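Asker: Below is one structure. I have some questions about it.
The values are calculated or read from the model by the stated rules, or taken from the named source; none is laboratory data. A quick note: this is a predicted structure, and the numbers were derived from the prediction, not measured. Using ideal geometry, Cβ is built from the backbone for each residue, glycine included, and neighbour counts are taken over all protein chains shown. Heavy atoms of the whole protein, side chains included, go into the accessibility calculation; ligands, DNA and RNA do not. Shrake-Rupley method; radii C 1.70, N 1.55, O 1.52, S 1.80 Å.
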There are 2 protein chains.
Amino acid sequence: MKKNIRLLIGSGENCADIRYASGISTPDEFIWFEYGSRRCAVLSPLEIDRGKSCAKPGVEVVPDSFFGGTSRLNILLAIAAECQCRHFLVPDDFPFALAEKMRANGLELSAAGSGFFPEREFKNDREVAAVTAAQRAAEAGFAKAVEVLTDCEIDGENLRWNDRILTSEILRAEIDCEILRHGMLPTGTICAGGKQGAQPHNAGSGTLPANAPIVMDIFPRSPETGYWGDLTRTVVRGKASGIVKQAYEAVLEAREYAKTLIKKGTYGAAIHCAAEAVLEKHHFFTGENDRGQFGFFHGLGHGVGLEIHESPRLSPRARTALQGGEIVTVEPGLYYPEWGGIRLEDLIYLPQDGSEAVCLTRAPDFLEID
Amino acid sequence: MKKNIRLLIGSGENCADIRYASGISTPDEFIWFEYGSRRCAVLSPLEIDRGKSCAKPGVEVVPDSFFGGTSRLNILLAIAAECQCRHFLVPDDFPFALAEKMRANGLELSAAGSGFFPEREFKNDREVAAVTAAQRAAEAGFAKAVEVLTDCEIDGENLRWNDRILTSEILRAEIDCEILRHGMLPTGTICAGGKQGAQPHNAGSGTLPANAPIVMDIFPRSPETGYWGDLTRTVVRGKASGIVKQAYEAVLEAREYAKTLIKKGTYGAAIHCAAEAVLEKHHFFTGENDRGQFGFFHGLGHGVGLEIHESPRLSPRARTALQGGEIVTVEPGLYYPEWGGIRLEDLIYLPQDGSEAVCLTRAPDFLEID
């Protein structure tokens, strides 16, 4: 096998691979490379002290002046010269223009293909603890939302809280403040009421309705570890309609059934299709009409770690088997433009040792807050 | 000039160019292209409805099935076939592996070089309003911090608030909650007390000291518009030492003097060096010793818009002149491992019409909270 310099360029905050490799969290991009047993982070003067204090054991931290460079290209040429190797293995999303410049200067590159660190998919105990800590903050945020909704008065079609009409924005701020008080960063909390909930990614805006589902999808990140949590619950303040109750029961059954399939050797696609079958058993079908898509039209789940969406996927296209060590969401949903959406999401850890999957989520399940 | 398909791939949340081009904010990546007068966003089924509702006028929004593709490569091949053009102009950070696959399938690519949309540097009124709105949230966060610090009691070397020892984490949570209540997202608020403040990017952790500087760098983002604010103030709860007072006065004078240089035709490097000269006039010098760097060792400022750090830069290397339309930070700082740091940051808008630069920041300047 040809010897390569494995190369990453990214910021600790936005590039999960470089954070995984180096342990360093920075707002600005830096260079990391591995050659033989040498692993090295090349930081700007501004980051060097902080980088040294949080680098993983065995990672050498040097200022960019160490490789004599003011430009990235010069630094990479110096690295190649020092390693006496001009072939770099880079991640698929390596920046194209820099790759072109490297080639024009006699360096060679190839893309690593699916995953620069495939082992990121399989979590160790420290990583499971980090995800669990973020998940606890998500649950605290949900508990706060339930407290607010319980405190609300129903005022016709609206909800009134602290003498104001309750909006998505107000409820989101309360959830997110609770997350902050737990030392985590809220990132894009969804509080989508009524028909807005029919769009799975709609964050929600304006007045929140009484007697209609409110989808709350809460995914905080730890600023210290970089790991994420992910939780979705859907509740109704007041009375749910018949169809909403049926959809809730169907989604809950689909989630619980799918969770029993999280074990070594099961295929992501099989788990997704099993959840879909439960929904269909309850006569909830998926399709598209002139009002848009309806039913269950997203993947059942995804890996969670240093990225909020990472491998493995539990989706119709996921043709790989679970191996043990994965943390995945299981989040079936039903969405109908006529009345909105129901999504219920738990976070599951499948241990590497072959023992049973563990649900990392502790938030309770209920539909109505009376 | 050869006719190209201009191509972007990114998420609305993380890729400023695609948000600028399309108006669409998504957590997941999508394809955008421009060919002749046609501008088109190619979205997943999950995003299509929301994409249509927020796309900029003139931007066509189609599902990826429109280009018959399940893979990105297939979609791009279909776009090339429909446009009868196989040459793509892409941003410098276009993903390398996809570029390789495109070439292997007969498509051609070239990198756009410095900035895919150079016009992003020059803000229209709507953009100035969006940055200003985010800046107001930053100011509210700072006002909240001042309220907390004023409420504190000095307890030896520590600060006590609500019967607890005040920490960076608690103060940050209070600032960030205030930002959330203003409808903006906090992103990585710095509250670094004492010697931690000597590292410009240290977010701060643990107990906050009395009688020592606390650097607060607050940069919220609007979830609706995607534009950022950016504010830094440094305060002391209690009494500042002589050297801290002198450093504060030097930094304040450097900032105010540099602001007078924000006008059409001035070079970024000249403004940076002018600020540095003011600091040196006050006998504050920059260098490096065995304890690390000291003095003023970062750039004076940067553009703010859909990215928190964007063109233009006000740094020793910034060899371009201001043209009008820029929004830039002016944020000199002094950092000494012996006692910590002082940084004071305002946000300045230089109108396109040749009129005087406007300070968008309203936060007051003071050092001590007695």
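Asker: All but one of (1) touching a residue at least 60 places away in the same chain (Cβ under 8 Å); (2) under 19 Å from B:Asp93 (Cβ atoms) hold for A:Ser25; which doesn't?
Answerer: Unmet for A:Ser25, out of (1) touching a residue at least 60 places away in the same chain (Cβ under 8 Å); (2) under 19 Å from B:Asp93 (Cβ atoms): (2).
Asker: Within the range B:218-235, track down each residue that is among the small types (Gly, Ala, Ser) and over 9 Å from the mean Cα position of the chain (by Cα). Write out each step before concluding.
Answerer: Start the filter on the range B:218-235 by keeping residues that are among the small types (Gly, Ala, Ser), which leaves B:222, B:226, B:229.
Across the range B:218-235, the qualifying residues are B:Ser222, B:Gly226.
Asker: Name the single residue that is nearest to A:Gly242 (Cα to Cα) among those in the range A:187-221 being of a type in the set (Val, Ile, Thr) and in a loop (DSSP other than H, G, I, E, B). Please lay out each step first, then the result.
Answerer: As a first pass, look at the range A:187-221 and keep what is of a type in the set (Val, Ile, Thr): A:187, A:189-190, A:207, A:214-215, A:218.
Applying the additional criterion that residues be in a loop (DSSP other than H, G, I, E, B) yields A:187, A:189.
Numbers: A:Thr187: 33, A:Thr189: 27 Å.
Checked the range A:187-221; the qualifying residue nearest to A:Gly242 (Cα to Cα) is A:Thr189.
Asker: So which residues in the range B:281-291 are of a type in the set (Asp, Glu) and either under 27 Å from the mean Cα position of the chain (by Cα) or in a strand (DSSP E or B) (or both)? If you could, list the steps in order and put the result at the bottom.
Answerer: Applying the first criterion (of a type in the set (Asp, Glu)) to the range B:281-291 yields B:288, B:290.
Within the range B:281-291, just B:Glu288 meets the criteria.
Asker: For the range A:222-239, what are the residues that are open to solvent by 10 Å² or more (accessible area, probe 1.4 Å), within 15 Å of A:Ala145 (Cα to Cα) and either in contact with a His (Cβ under 7 Å, 6 or more places away or on another chain) or outside any strand (DSSP E or B) (or both)?
Answerer: none
Asker: Here are some conditions: (1) over 18 Å from B:Ala140 (Cα atoms); (2) of a type outside the set (D, E, K, R); (3) modelled with pLDDT under 95. B:Met184 meets all but one. Which one does it not meet?
Answerer: Going through the list (1) over 18 Å from B:Ala140 (Cα atoms); (2) of a type outside the set (D, E, K, R); (3) modelled with pLDDT under 95, B:Met184 breaks only (1).
Asker: Within the range A:1-100, considering only helices (runs of 4 or more DSSP H) that don't extend past its boundaries, which have at least 1 residues that are of a type in the set (Asp, Glu) and buried (at least 17 other Cβ atoms within 10 Å of the Cβ)?
Answerer: Helices (runs of 4 or more DSSP H) meeting the threshold: A:16-22, A:48-54.
Asker: Is the range B:328-335 home to any residue that is touching a residue at least 40 places away in the same chain (Cβ under 8 Å), small (Gly, Ala, Ser) and open to solvent by 10 Å² or more (accessible area, probe 1.4 Å)? Walk me through it before giving the result.
Answerer: Kept after step one, since they are touching a residue at least 40 places away in the same chain (Cβ under 8 Å), are these residues of the range B:328-335: B:328-335.
When the remaining residues are screened for being small (Gly, Ala, Ser), the result is B:333.
Those left that are additionally open to solvent by 10 Å² or more (accessible area, probe 1.4 Å): none.
No: zero hits.
Asker: Applying the selection to the range B:308-326, what residues are over 17 Å from the mean Cα position of the chain (by Cα) and of a type in the set (S, T, N, Q)?
Answerer: Within the range B:308-326, B:Thr320, B:Gln323 meet the criteria.
Asker: Just give me the residues in the range A:270-280 being open to solvent by less than 10 Å² (accessible area, probe 1.4 Å) and under 25 Å from A:Asp353 (Cβ atoms), in sequence order.
Answerer: If the condition is that a residue be open to solvent by less than 10 Å² (accessible area, probe 1.4 Å) and under 25 Å from A:Asp353 (Cβ atoms), then A:Ile271 is the only one that fits.
Asker: Considering only residues of the range A:281-320 that are surrounded by 14 or more Cβ atoms within 10 Å (Cβ to Cβ) and of a type in the set (Val, Ile, Thr), which is nearest to the other protein chains (Cβ to nearest Cβ)?
Answerer: A:Ile308
Asker: Quick one: count up the residues across the range B:1-46 that are more than 29 Å from A:Glu288 (Cα to Cα) and in contact with a strand residue (DSSP E or B) (Cβ under 6 Å, 6 or more places away or on another chain).
Answerer: Counting residues in the range B:1-46 that are more than 29 Å from A:Glu288 (Cα to Cα) and in contact with a strand residue (DSSP E or B) (Cβ under 6 Å, 6 or more places away or on another chain) gives 5.
Asker: Okay, next question. Identify, by number, the condition in (1) within 13 Å of chain B (Cβ to nearest Cβ); (2) farther than 23 Å from B:Ser205 by Cα; (3) in contact with a Lys or Arg (Cβ under 7 Å, 6 or more places away or on another chain) that A:Ala192 doesn't meet.
Answerer: In the conditions (1) within 13 Å of chain B (Cβ to nearest Cβ); (2) farther than 23 Å from B:Ser205 by Cα; (3) in contact with a Lys or Arg (Cβ under 7 Å, 6 or more places away or on another chain), A:Ala192 misses (3) alone.
Asker: Take A:Ala254 and decide whether it is at pLDDT 95 or above, open to solvent by less than 10 Å² (accessible area, probe 1.4 Å) and over 30 Å from A:Gly354 (Cα atoms). Spell out how you get there, then give the answer.
Answerer: On the way: at pLDDT 95 or above: yes; open to solvent by less than 10 Å² (accessible area, probe 1.4 Å): yes; over 30 Å from A:Gly354 (Cα atoms): no.
For A:Ala254, the condition - at pLDDT 95 or above, open to solvent by less than 10 Å² (accessible area, probe 1.4 Å) and over 30 Å from A:Gly354 (Cα atoms) - is not met.
Asker: Another one. Can you pull out every residue in the range B:45-95 that is in contact with a Leu (Cβ under 8 Å, 6 or more places away or on another chain), among the hydrophobic types (A, V, I, L, M, F, W, C) and within 10 Å of chain A (Cβ to nearest Cβ)?
Answerer: The answer is B:Val90, B:Phe94.
Asker: While we're looking at this one, here's another question. Being touching a Gly at 6+ places or on another chain (Cβ under 6 Å), free of Cβ contacts under 8 Å to residues at least 60 places away in the same chain and open to solvent by less than 10 Å² (accessible area, probe 1.4 Å) is the filter here, so list the residues in the range B:125-179 that pass it.
Answerer: Those that are touching a Gly at 6+ places or on another chain (Cβ under 6 Å), free of Cβ contacts under 8 Å to residues at least 60 places away in the same chain and open to solvent by less than 10 Å² (accessible area, probe 1.4 Å): B:Ser168, B:Ile175, B:Ile179.
Asker: Can I ask one more? Does B:Gly206 satisfy the criteria of being under 30 Å from B:Ile24 (Cβ atoms) and surrounded by fewer than 24 Cβ atoms within 10 Å (Cβ to Cβ)? Explain how you work it out, then say what you get.
Answerer: Working: under 30 Å from B:Ile24 (Cβ atoms): no; surrounded by fewer than 24 Cβ atoms within 10 Å (Cβ to Cβ): yes.
It is false that B:Gly206 is under 30 Å from B:Ile24 (Cβ atoms) and surrounded by fewer than 24 Cβ atoms within 10 Å (Cβ to Cβ).
Matching residues to (1) in contact with a strand residue (DSSP E or B) (Cβ under 8 Å, 6 or more places away or on another chain); (2) in contact (Cβ under 8 Å) with a residue 40 or more places away in the chain; (3) within 20 Å of A:Arg38 (Cα to Cα):
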| position | (1), (2), (3) |
| --- | --- |
| A:Gly58 | yes, no, yes |
| A:Thr70 | no, no, no |
| A:Ile79 | yes, yes, yes |
| A:Phe94 | yes, yes, no |
| A:Ala99 | yes, no, no |
| A:Gly115 | yes, yes, no |
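Asker: Follow-up. Looking for something modelled with pLDDT under 95, more than 11 Å from every other protein chain (Cβ to nearest Cβ) and farther than 17 Å from B:Gly10 by Cβ - is there at least one such residue anywhere in the range B:122-136? Step through it out loud before you land on a result.
Answerer: Step one: list which residues in the range B:122-136 are modelled with pLDDT under 95, which gives none.
No, there is no match, as no residue in the range B:122-136 is modelled with pLDDT under 95, more than 11 Å from every other protein chain (Cβ to nearest Cβ) and farther than 17 Å from B:Gly10 by Cβ.
Asker: Inspect the range A:199-209 for any residue being within 14 Å of another protein chain (Cβ to nearest Cβ), in contact (Cβ under 8 Å) with a residue 40 or more places away in the chain and closer than 21 Å to A:Arg291 by Cα and give the result as yes or no.
Answerer: Looking for residues that are within 14 Å of another protein chain (Cβ to nearest Cβ), in contact (Cβ under 8 Å) with a residue 40 or more places away in the chain and closer than 21 Å to A:Arg291 by Cα, one finds at least one in the range A:199-209, hence yes.
Asker: Go through B:Gly141, B:Gly115 for me and flag whichever is at pLDDT below 95 and either of a type in the set (Gly, Ala, Ser) or under 21 Å from the mean Cα position of the chain (by Cα) (or both).
Answerer: Numbers: B:Gly141 fails: at pLDDT below 95.
Exactly one of B:Gly141, B:Gly115 is at pLDDT below 95 and either of a type in the set (Gly, Ala, Ser) or under 21 Å from the mean Cα position of the chain (by Cα) (or both), namely B:Gly115.
Asker: Can I ask one more? For the range B:262-309, name all the residues that are of a type in the set (S, T, N, Q) and under 25 Å from B:Tyr349 (Cβ atoms).
Answerer: Our first condition is that a residue be of a type in the set (S, T, N, Q); within the range B:262-309, this holds for B:266, B:286, B:289, B:293.
Across the range B:262-309, the qualifying residue is only B:Thr266.
Asker: Would the range A:161-176 turn up any residue that is touching a Lys or Arg at 6+ places or on another chain (Cβ under 9 Å) and either part of a strand (DSSP E or B) or more than 12 Å from every other protein chain (Cβ to nearest Cβ) (or both)?
Answerer: yes
Asker: Please indicate, with yes or no, whether at least one residue in the range B:261-273 is assigned to a loop (DSSP other than H, G, I, E, B), under 22 Å from B:Asp151 (Cα atoms) and small (Gly, Ala, Ser).
Answerer: Taking the range B:261-273 and keeping what is assigned to a loop (DSSP other than H, G, I, E, B), we get B:261-266.
Next cut, under 22 Å from B:Asp151 (Cα atoms) only: none.
Looking for residues that are assigned to a loop (DSSP other than H, G, I, E, B), under 22 Å from B:Asp151 (Cα atoms) and small (Gly, Ala, Ser), one finds none in the range B:261-273, hence no.
Asker: Hey, any hits in the range B:347-364 for a residue that's assigned to a strand (DSSP E or B), open to solvent by less than 30 Å² (accessible area, probe 1.4 Å), over 26 Å from B:Leu185 (Cα atoms) and in contact with a helix residue (DSSP H, G or I) (Cβ under 9 Å, 6 or more places away or on another chain)?
Answerer: Step one: filter the range B:347-364 for residues assigned to a strand (DSSP E or B), giving B:347-349, B:358-359.
Those left that are additionally open to solvent by less than 30 Å² (accessible area, probe 1.4 Å): B:347-349.
Subsequent filtering for residues that are over 26 Å from B:Leu185 (Cα atoms) retains none.
No: the range B:347-364 contains no residue that is assigned to a strand (DSSP E or B), open to solvent by less than 30 Å² (accessible area, probe 1.4 Å), over 26 Å from B:Leu185 (Cα atoms) and in contact with a helix residue (DSSP H, G or I) (Cβ under 9 Å, 6 or more places away or on another chain).
Asker: Let me confirm something: among A:Gly340, A:Gly265, A:Gly242, which residue is of a type outside the set (Lys, Arg) and crowded, with 17+ Cβ neighbours inside 10 Å? Before the answer, list the steps.
Answerer: Numbers: A:Gly265 fails: crowded, with 17+ Cβ neighbours inside 10 Å; A:Gly242 fails: crowded, with 17+ Cβ neighbours inside 10 Å.
Just a single option satisfies the conditions, and that option is A:Gly340.
Asker: Just to verify a result, which residue in the range B:177-186, among those that are at the interface with another protein chain (Cβ under 8 Å from one of its Cβ atoms) and assigned to a loop (DSSP other than H, G, I, E, B), is farthest from B:Gly340 (Cα to Cα)? Outline the logic, then answer.
Answerer: Step one: filter the range B:177-186 for residues at the interface with another protein chain (Cβ under 8 Å from one of its Cβ atoms), giving B:177, B:180-181, B:183, B:185-186.
So of that shortlist, the ones also assigned to a loop (DSSP other than H, G, I, E, B) come out as B:183, B:186.
On the way: B:Gly183: 32, B:Pro186: 24 Å.
Restricting to residues being at the interface with another protein chain (Cβ under 8 Å from one of its Cβ atoms) and assigned to a loop (DSSP other than H, G, I, E, B), the top hit is B:Gly183.
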